[in-house]
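The structure under discussion appears below in the form of structure tokens.
The values are calculated or read from the model by the stated rules, or taken from the named source; none is laboratory data. Note that the coordinates shown come from a computational prediction; the quantities given were computed from them, not determined experimentally. Heads up, the Cβs are rebuilt from the backbone with ideal geometry, glycines too, and the neighbour counts pull from every protein chain shown. Ligands, DNA and RNA are excluded from the accessible area calculation, which covers all protein heavy atoms including side chains. Shrake-Rupley method; radii C 1.70, N 1.55, O 1.52, S 1.80 Å.
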Amino acid sequence: MDQNRVAVTSANSSSPPWWALTPEAAVSKLASNSERGLSEALAGERLIEYGPNELGEEDVRSPWLMFGSQFANTMIVVLLIAAAVTVVIGDVKDAVVISAIVVLNASIGFVQEYRAEKAMAALKNMAAPSARVIRDGVETYRAAAELVPGDLIVLDPGDIVPADGRLVEAPNLRLNESALTGESVPVDKSPAPIAAAEGHLVAERANMVFKGTSVVYGRGRAVVVATGMNT
């Protein structure tokens, strides 16, 4: 396998998802090492390939612009034309109904888009500024943006998980995943593999850790499987 290329397996891939692999198989697939992590040279190459471990930024639009963009839709334009035609032929009642549907549809689209932008901003604020990573067998602090698939990260209470990872060890590890799952209590974690069919929901993936969640108890090590916008 070309060590510069890593197949980041998803739940929809034909390959087994990360949670269905043993810790050893996951580490091997990422051409990493469960004790020494990646080499600095390979990590540098992957950083160039995958880019920084950061959420992408888009230009922030004003709420009015966001609302106006909801009308830039072929179906909406057709409905507006239909409303205009019904007014011309004197059927005001139908025109009012069509207009109400258009406004309601635009309002729903606006609310969804506005919430999505707020959620993205909140996720960026939750991102860990730094992470403990093992490279060439040495544990060191790095900017979280420098993490790449295959990096071996260390997790302790109070840490924010800097990237999505597959646990390789997790003695008494518990995480707060409420931001993702809505669960109000910490989640017990274990590195044991899970049947592929049983991990479709994030809450079912007890052997995975996710960017932006936090460690509340125990400690663990995880191999990074996804960074940036792939998390």
First measure r as the distance between the Cβ atoms of ASP156 and LEU55, then evaluate 1/(1 + (r/R0)^6) with R0 = 25 Å and state the FRET efficiency to the nearest 0.05. 0.55
Given a 1.4 Å probe, the accessible area of the chain per residue, as a whole number of Å², is 54
For Rg/Rh (Cα atoms, Kirkwood Rh), one of (i) 1.03; (ii) 1.13; (iii) 1.15 was computed from the structure I shared and the rest are decoys. Which label? (iii)
Compute the label zone of ALA143 within the range 212-231: residues whose backbone N is under 18 Å from the point 7 Å along Cα-to-Cβ. 227-229
What is the calculated FRET efficiency for HIS200 to ALA179, with r their C-beta to C-beta distance and R₀ = 30 Å, to the nearest 0.05? 0.95
For GLN112 and ILE48, calculate 0.36 nm times their separation in residues minus their Cα-Cα distance, and state this gained length in nm to one decimal. 19.6 nm
The chain, relative contact order [Cα under 8 Å, separation at least 6], %: 27
Packing-based ranking, highest mean first, of 210-216, 197-203, 38-44 given that Cβ atoms within 10 Å are counted: 210-216, 38-44, 197-203
So how far apart, in nm, are the two label points at GLU24 and MET75 if each is 7 Å from Cα heading toward Cβ? 5.2
Carbon plus sulfur fraction of accessible area for the chain, probe 1.4 Å, in percent: 58
